[in-house]
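Chemist: Sharing a structure, written as structure tokens. Questions coming.
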């Protein structure tokens, strides 16, 4: 898991550095392209399209979500303080990089603003995967371990998509073993 997490963290750092007008090179890992005829020709030659970029990003964020689920499970179940500290540190690092990558995806959306389908898929990555994963990580990091970055709201297109004032502390949460008990479920139509 640590190798996968390290690779994910590096990819998130690259994504966070995308500026409007830039594109991702997905032919050999992730790198950032600058606008220009040479880079355009290079992308055409290697068939590195916006659709390929979106596909790679979808798979990356889905993989990060799966990795974070295992990490959260470890945080909840580990009793050894040293191992728990290490897992929480990884969760903090992953959450911070996930958060900063959202601005890179936003900038990539600006690059592809003439392509509504591409922008919609990029927004889906943010709303349907990244912010949910981020929320789950934050909810399982003790409040006293949250960094300044994690205590700030997450914005997309100047809108708050994660309100940091609504966090919960895993150390103060009581996990109810009766979850799913028919007495806890209201009427479902």
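Chemist: Modelled with pLDDT of 80 or more, surrounded by 13 or more Cβ atoms within 10 Å (Cβ to Cβ) and farther than 17 Å from residue 125 by Cα - does that describe any residue in region 52-65?
Modeler: Checked against the condition, which is being modelled with pLDDT of 80 or more, surrounded by 13 or more Cβ atoms within 10 Å (Cβ to Cβ) and farther than 17 Å from residue 125 by Cα, region 52-65 yields no hits at all.
Chemist: Pairs under 8 Å by beta carbon, first residue closer than 17 Å to residue 92 by Cα in region 115-133, partner outside any helix (DSSP H, G or I), six or more apart or different chains?
Modeler: Close Cβ pairs satisfying both conditions: 131/154; 131/161; 131/162.
Chemist: Would you check which residues across region 41-51 are in contact (Cβ under 8 Å) with a residue 40 or more places away in the chain and either surrounded by 14 or more Cβ atoms within 10 Å (Cβ to Cβ) or not in a helix (DSSP H, G or I) (or both) and list them? Give the steps one after another, and end with the answer.
Modeler: Of the residues in region 41-51, the ones in contact (Cβ under 8 Å) with a residue 40 or more places away in the chain are 50-51.
The one that is in contact (Cβ under 8 Å) with a residue 40 or more places away in the chain and either surrounded by 14 or more Cβ atoms within 10 Å (Cβ to Cβ) or not in a helix (DSSP H, G or I) (or both): 50.
Chemist: Return the only residue of 134, 127, 115 being surrounded by fewer than 21 Cβ atoms within 10 Å (Cβ to Cβ) and either closer than 19 Å to residue 65 by Cβ or at pLDDT below 95 (or both). Explain how you work it out, then say what you get.
Modeler: On the way: 134 fails: surrounded by fewer than 21 Cβ atoms within 10 Å (Cβ to Cβ); 115 fails: either closer than 19 Å to residue 65 by Cβ or at pLDDT below 95 (or both).
On inspection, the qualifying residue turns out to be 127.
Chemist: For region 110-135, which positions are touching a helix residue (DSSP H, G or I) at 6+ places or on another chain (Cβ under 6 Å) and assigned to a helix (DSSP H, G or I)? Lay out the reasoning, then the answer.
Modeler: Looking only at region 110-135, we keep the residues that are touching a helix residue (DSSP H, G or I) at 6+ places or on another chain (Cβ under 6 Å), and these are 112, 118-119, 121-122, 125-126, 129-130, 133-134.
Residues satisfying the conditions are 118, 119, 121, 122, 125, 126, 129, 130, 133, 134.
Chemist: Oh, and also: Of the numbered conditions (1) surrounded by 19 or more Cβ atoms within 10 Å (Cβ to Cβ); (2) part of a helix (DSSP H, G or I); (3) more than 14 Å from the chain's Cα centre (by Cα), residue 86 satisfies every one except a single condition; which is it?
Modeler: That leaves (1) as the condition not met.
Chemist: Something else about it: Just checking, which of 17, 79 is more than 29 Å from residue 153 (Cα to Cα), out of contact with any strand residue (DSSP E or B) (no Cβ under 6 Å at 6 or more places or on another chain) and either touching a residue at least 60 places away in the same chain (Cβ under 8 Å) or surrounded by fewer than 16 Cβ atoms within 10 Å (Cβ to Cβ) (or both)? If you could, list the steps in order and put the result at the bottom.
Modeler: Numbers: 17 fails: more than 29 Å from residue 153 (Cα to Cα).
Just one listed residue meets the conditions, 79.
Chemist: Shifting gears a bit: Determine if region 23-40 includes at least one residue that is out of contact with any strand residue (DSSP E or B) (no Cβ under 8 Å at 6 or more places or on another chain), in a helix (DSSP H, G or I), modelled with pLDDT of 95 or more and surrounded by fewer than 18 Cβ atoms within 10 Å (Cβ to Cβ).
Modeler: no
The values are calculated or read from the model by the stated rules, or taken from the named source; none is laboratory data. Everything numeric in this text was worked out from a predicted model, so none of it was measured. Positions of Cβ are generated from backbone atoms using ideal geometry, with glycine treated the same way; all protein chains shown enter the neighbour counts.
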